[in-house]
1. Answer with yes or no whether residue 159 is buried (at least 16 other Cβ atoms within 10 Å of the Cβ), part of a strand (DSSP E or B) and out of contact with any strand residue (DSSP E or B) (no Cβ under 6 Å at 6 or more places or on another chain).
2. Here is a list: 144, 188. Which entry is in contact with a strand residue (DSSP E or B) (Cβ under 8 Å, 6 or more places away or on another chain), closer than 18 Å to residue 132 by Cβ and at pLDDT below 95?
3. Given (1) modelled with pLDDT of 95 or more; (2) more than 20 Å from residue 122 (Cα to Cα), where does residue 262 come up short, assuming only one miss?
4. Need at least 2 residues that are modelled with pLDDT of 90 or more and surrounded by fewer than 17 Cβ atoms within 10 Å (Cβ to Cβ) per element, so show me which helices (runs of 4 or more DSSP H) inside region 1-65 make the cut, counting only ones lying wholly within it.
5. Being over 20 Å from residue 125 (Cα atoms) and in a strand (DSSP E or B) is the filter here, so list the residues in region 162-185 that pass it.
6. Go through (1) at pLDDT below 95; (2) surrounded by fewer than 24 Cβ atoms within 10 Å (Cβ to Cβ) and name the single condition residue 228 misses.
7. Within region 199-288, which strands (runs of 3 or more DSSP E) (wholly inside it) include 3 or more residues that are within 24 Å of residue 41 (Cβ to Cβ) and in contact with a strand residue (DSSP E or B) (Cβ under 6 Å, 6 or more places away or on another chain)?
């Protein structure tokens with residue numbers, strides 16, 4: 001069993017944690033319809049990590065090995081892998097399942113972290129590595145279905161993180177405002193699985209209304225997910241997937257209210273999306 005990352009992080013002086021960030025290597029999977037790899041890599045670079053853009057076929061064909069001593073974080077970027085023609089993330093997950101599952105399971109067992117954003121979350125769910133209950137990462141137990149209001153929807157949403165979640169990516173986060181852009185984001189699972197996710201605080205982030213309360217009502221919940229589920233983690237807290245895009249809010253001026261906030265001095269010290277990536281990198285830095 002790995003020592004909890006929260007314990008490791010708390011034991012490190014802040015300066016040492018910052019120094020270790022550059023030693024965190026991130027493999028950002030690219031190709032075959034994904035289109036958010038550049039901003040995902042930039043997010044990790046901005047928080048001090050060392051990202052590499054690697055085409056999925058290079059990993060599948062063995063030209064790049066997924067090993068924890070070389071890569072501490074695996075990032076599944078957003079986009080439309082294989083055009084979503086057979087369902088969001090479906091074909092991409094099947095290609096990984098065909099050749100990469102053994103490496104993926106070893107990477108997770110060795111302490112690797114992973115984040116899936118939008119199409120990446122769909123892929124992780126279809127692979128079965130999320131929600132990863134009982135450390136079973138081969139059997140899909142959830143999926144992301146078409147939105148209740150059919151069609152692609154592009155908007156900004158508010159999220160609230162569960163403070164009791166083991167998710168290392170949402171550490172010390174309360175509210176998040178992020179862009180959301182998808183046509184298949186409704187989180188579906190069996191009632192028993194959903195109860196476990198709730199009981200074990202694995203629903204890491206939820207859609208909330210302007211009052212900060214979880215909601216299933218459009219447009220604050222863009223897809224109609226029951227329980228306002230916007231993202232989930234596995235029981236270790238190291239694997240995390242969410243539908244909204246933290247990679248699309250890396251600079252303050254990207255916020256739609258940036259001009260107004262600038263003149264009313266309400267600008268945050270850093271764009272909220274960046275906090276998610278910094279948390280992941282710090283968790284990896286504490287563990288290596």
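1. Working: buried (at least 16 other Cβ atoms within 10 Å of the Cβ): yes; part of a strand (DSSP E or B): yes; out of contact with any strand residue (DSSP E or B) (no Cβ under 6 Å at 6 or more places or on another chain): no.
The answer is no for residue 159.
2. Values: 188 fails: at pLDDT below 95.
Result of the check over 144, 188: 144.
3. Exception for residue 262: condition (1).
4. On the way: elements: 5-11, 14-21, 37-46, 56-60.
Answer list for region 1-65: 37-46.
5. 175, 176, 177, 178, 179
6. The failed condition is (1).
7. Working: elements: 203-208, 229-233, 239-242.
Per the criteria, 229-233, 239-242.
For (1) touching a helix residue (DSSP H, G or I) at 6+ places or on another chain (Cβ under 9 Å); (2) surrounded by 12 or more Cβ atoms within 10 Å (Cβ to Cβ); (3) without any contact (Cβ under 8 Å) to a residue 60 or more places away in the chain; (4) more than 27 Å from residue 112 (Cα to Cα), each residue gets a yes or a no:
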position: 151; (1), (2), (3), (4): no, no, yes, yes
position: 168; (1), (2), (3), (4): yes, yes, no, no
position: 176; (1), (2), (3), (4): yes, yes, no, no
position: 181; (1), (2), (3), (4): yes, yes, no, yes
position: 197; (1), (2), (3), (4): yes, yes, no, no
position: 205; (1), (2), (3), (4): yes, yes, yes, no
position: 214; (1), (2), (3), (4): yes, yes, yes, yes
position: 218; (1), (2), (3), (4): no, yes, no, yes
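The values are calculated or read from the model by the stated rules, or taken from the named source; none is laboratory data. The structure displayed is predicted, hence computed values, not measured ones. So basically every Cβ, Gly included, is an ideal-geometry build from the backbone, and we count neighbours across all protein chains shown.
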